[in-house]
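J.: My structure is below; once you've seen it, I'll send some questions.
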Amino acid sequence: MKVYLDACCLSRLTDDQSQARIREEAEAVEQVLAGVRRGVVELLSSEALEDEVRRNPSQERRREAQTTLPLAVTSIETDEVIALRAQGLVGLGYGPFDALHLAAAESAGADVLLTTDDRFLKRTARKLGNPRIPVRNPLSWIKEQGL
């Protein structure tokens, strides 16, 4: 199973864990990463994800996210097709990085893109831009998958 974690998921691991939702989502992301280590999940990354992680102003959070990126079996380069798809998604109200993540994950044939970004989840749930892959919250996805 090919899974793309966006920067929000990677950052969830270093978010303040005092809120139940954040703690549960972080645990779900950890379960996905455990699946990667066991070989039952193929982690996908992209140039856009690497760029967004690099821009994180917190050195600790940036370093933590960067330790996860090498677990990816593939890093998707932004080509013209991905750039055009992302541009169309931005025109529909997606954030620039959200659009690039979705376009890259679609291009790589991901089975799911996981995010903790409620705004991103709402846009894809409304089928804005006709997402070609499911975009899910890691906690609900983990429960569905039984991981």
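J.: Being part of a helix (DSSP H, G or I) and touching a Gly at 6+ places or on another chain (Cβ under 6 Å): is that true of Leu89 here?
T.: Working: part of a helix (DSSP H, G or I): yes; touching a Gly at 6+ places or on another chain (Cβ under 6 Å): yes.
Against the criterion (part of a helix (DSSP H, G or I) and touching a Gly at 6+ places or on another chain (Cβ under 6 Å)), Leu89 qualifies.
J.: Consider Ala86 carefully, then state whether it is farther than 24 Å from Ile22 by Cα and touching a residue at least 60 places away in the same chain (Cβ under 8 Å).
T.: Details: farther than 24 Å from Ile22 by Cα: yes; touching a residue at least 60 places away in the same chain (Cβ under 8 Å): no.
No.
J.: Now for a different question. So, in the stretch 114-146, of the ones that are of a type in the set (Ser, Thr, Tyr) and in a loop (DSSP other than H, G, I, E, B), which residue ends up nearest to the chain's Cα centre (by Cα)? Step through it out loud before you land on a result.
T.: In the first step, residues of the stretch 114-146 are kept if they are of a type in the set (Ser, Thr, Tyr); the result is 115-116, 124, 140.
Restricting the remaining residues to those that are in a loop (DSSP other than H, G, I, E, B) gives 115-116.
Details: Thr115: 5, Thr116: 8 Å.
In this case the residue turns out to be Thr115.
J.: Among Glu42, Glu77, Glu52, which is under 15 Å from Asp6 (Cβ atoms), of a type in the set (Asp, Glu) and in contact (Cβ under 8 Å) with a residue 24 or more places away in the chain? Break it down into steps so the answer makes sense when it comes.
T.: Numbers: Glu42 fails: under 15 Å from Asp6 (Cβ atoms); Glu77 fails: under 15 Å from Asp6 (Cβ atoms).
Answer to the selection: Glu52.
J.: For Ala99, are the conditions met, namely being in a helix (DSSP H, G or I), touching a Lys or Arg at 6+ places or on another chain (Cβ under 8 Å) and under 24 Å from Asn130 (Cα atoms)? Write out each step before concluding.
T.: On the way: in a helix (DSSP H, G or I): yes; touching a Lys or Arg at 6+ places or on another chain (Cβ under 8 Å): yes; under 24 Å from Asn130 (Cα atoms): yes.
Judged against the criteria, Ala99 is a match.
J.: Counting just the residues of the stretch 66-78 that are out of contact with any helix residue (DSSP H, G or I) (no Cβ under 8 Å at 6 or more places or on another chain) and of a type outside the set (S, T, N, Q), which one comes out farthest from Ser107 (Cα to Cα)?
T.: Here is the first cut: in the stretch 66-78, the residues out of contact with any helix residue (DSSP H, G or I) (no Cβ under 8 Å at 6 or more places or on another chain) are 67, 70, 72-74.
Still in the running and of a type outside the set (S, T, N, Q): 70, 72-73.
On the way: Pro70: 20, Ala72: 15, Val73: 15 Å.
This residue is Pro70.
J.: Let me ask something additional. Exactly one of (1) at pLDDT 95 or above; (2) exposed (fewer than 14 other Cβ atoms within 10 Å of the Cβ); (3) not charged (D, E, K, R) is unmet by Ile82. Its number?
T.: If we test Ile82 against (1) at pLDDT 95 or above; (2) exposed (fewer than 14 other Cβ atoms within 10 Å of the Cβ); (3) not charged (D, E, K, R), just (2) comes out false.
J.: Could you name every one of the helices (runs of 4 or more DSSP H) located completely within the stretch 1-66 that has at least 1 residues being more than 20 Å from Pro96 (Cα to Cα) and touching a strand residue (DSSP E or B) at 6+ places or on another chain (Cβ under 8 Å)?
T.: On the way: elements: 7-12, 20-38, 47-54.
The helices (runs of 4 or more DSSP H) meeting that bar are 20-38.
The values are calculated or read from the model by the stated rules, or taken from the named source; none is laboratory data. Keep in mind it's a predicted model, so treat the numbers as computed, not measured. Heads up, the Cβs are rebuilt from the backbone with ideal geometry, glycines too, and the neighbour counts pull from every protein chain shown.
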